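First the structure, in the form of structure tokens, and then the observations on it.
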Amino acid sequence: MVSLHKQFPLSRQIRHACTHKFFPETLTAIFTNDTAVVEMAAGYLRGYSIDCIMVSFVFCINSYFSGQGNSWFPTIHSMIATFLFRIPLFYLFGRLEPTDLQLMGYAPPLSTLVSLLICFWYLRRNNRKLRAMQKL
């Protein structure tokens with residue numbers, strides 16, 4: 001059974017992601033009364049909110065690798081996800097639809113997905129190596 005102090009951060013992340021996904025106007029209206037700004041920011045948050053959940057898994061996997069004394073891999077895959085996916089996707093989405101930020105909001109979750117796929121590939125590769133070494 002998972003204790004309450006371990007459940008709280010995950011439930012808070014899910015609550016924030018749901019708030020950003022389904023009620024982004026209430027969050028952005030705190031900072032401005034300009035309806036155009038509120039609508040654009042809300043569109044961005046609708047896309048970005050998915051990343052709030054996904055990135056927590058990347059952080060956990062990075063901590064796992066770092067705990068094994070393997071800090072170079074989290075650095076490398078984060079740089080790949082950022083410089084080869086996140087930044088180019090922001091640029092591409094900004095060029096495709098320059099008047100709407102919702103499409104740009106999908107760039108972070110897509111790059112996080114790439115990061116997760118790289119991490120799962122690396123975990124699988126390491127598990128195969130460990131099994132091969134145990135058979136010797």
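The values are calculated or read from the model by the stated rules, or taken from the named source; none is laboratory data. Only a predicted model underlies this, so the values are computations on that prediction, with no experimental measurement involved. Because the Cβ atoms are built from the backbone with ideal geometry, glycine has one as well, and the counts that use them run over all protein chains shown.
How many residues are farther than 24 Å from Val38 by Cβ, modelled with pLDDT under 90 and among the polar types (S, T, N, Q) when one looks only at region 76-126?
Qualifying residue count, region 76-126: 1.
How many residues are over 30 Å from Arg46 (Cα atoms) and touching a His at 6+ places or on another chain (Cβ under 8 Å) when one looks only at region 101-136?
Residues flagged as over 30 Å from Arg46 (Cα atoms) and touching a His at 6+ places or on another chain (Cβ under 8 Å) within region 101-136 amount to 1.
Yes/no matrix, rows are residues, columns are (1) farther than 30 Å from Leu130 by Cβ; (2) buried (at least 17 other Cβ atoms within 10 Å of the Cβ):
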| position | (1), (2) |
| --- | --- |
| Thr26 | yes, no |
| Gly43 | yes, yes |
| Val55 | no, yes |
| Cys60 | no, no |
| Ser71 | no, no |
| Pro74 | no, yes |
| Phe85 | no, yes |
| Met104 | yes, yes |
| Ala107 | yes, yes |
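Tell me which of these Val58 doesn't satisfy, since it passes every other one: (1) modelled with pLDDT under 90; (2) under 14 Å from the mean Cα position of the chain (by Cα).
Here Val58 meets the rest and fails (1).
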